[in-house]
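What follows is one structure encoded as structure tokens, with my remarks underneath.
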Amino acid sequence: MIFYSPIEFNNIISNWTILIAVPKNNIIKNISKITHSILIMFILLLATGAILILICIEIINKNKLELETSKYMDSIVDGINFKRFEIDGTNLIKTNDNYALVYFNIVKFKYISEQLGNEKTDILLKSIYHLILTNLNDNELVARVYEDRFVLLIQEDIDKLDDRVNYIKNKMQELIAKQYNLNAFLIAGVYAP
């Protein structure tokens, strides 16, 4: 292949032409190397882009799952919230209607909360939640409804229901007395169809 170009240099050299001759094989060889390098760079860019897209999708899915999970969690007691209780409870009752709804309320909880402070109050609520949870069977639920109020869905014969509710209530009172040296009075309500 032949290239030429006119040359002018400060009016000293004029009407000159430079002639460059390069063998065709060298040009094709160099163009082939450049094309090969560009192709490798393009493939690397595509792979990097694909990896970044997959990472972004994974992060989005993880955040979605965390958001979905947190939507149904009570962060203070590390358990399900009332919304999740309603959903799961409805599904349990559809399969078996031998359930009772139990409601616990700690009387004058505001006073206890003022005595303990926020951090210890949260620990107390978490301890109560887990105490109740350990006294439940499979297919039974507990959720904190509001501040100091807990709702349970338990499966029990009507004859034994009163004893079981009183047992859990007494355990809650013992926990508050032993861990915090406070006397607590609890109210329990039961709805059994």
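The table for this structure:
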| item | result |
| --- | --- |
| Residues located in region 138-193, provided they are under 22 Å from Lys126 (Cβ atoms) and β-branched (Val, Ile, Thr) | Val142, Val145, Val151, Ile154, Val165, Ile168, Ile176, Ile187 |
| Enumerated helices (runs of 4 or more DSSP H) restricted to region 87-193, each holding at least 2 residues that are open to solvent by 50 Å² or more (accessible area, probe 1.4 Å) and modelled with pLDDT of 90 or more | 118-134, 158-180 |
| Residue within region 74-82 that is under 19 Å from Arg149 (Cα atoms), at pLDDT 90 or above, open to solvent by less than 90 Å² (accessible area, probe 1.4 Å) and assigned to a helix (DSSP H, G or I) present | yes |
| Residues satisfying the stated conditions in region 36-73, i.e. open to solvent by less than 90 Å² (accessible area, probe 1.4 Å), part of a helix (DSSP H, G or I) and closer than 30 Å to Glu147 by Cα | Asn63, Glu68, Thr69, Ser70 |
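The values are calculated or read from the model by the stated rules, or taken from the named source; none is laboratory data. For clarity, every value in this text was computed on a predicted model and none was experimentally measured. Positions of Cβ are backbone-derived with ideal geometry, glycine not excepted, and every protein chain shown enters the neighbour counts. Accessible surface areas use protein heavy atoms only, side chains included; no ligands, DNA or RNA. Shrake-Rupley method; radii C 1.70, N 1.55, O 1.52, S 1.80 Å.
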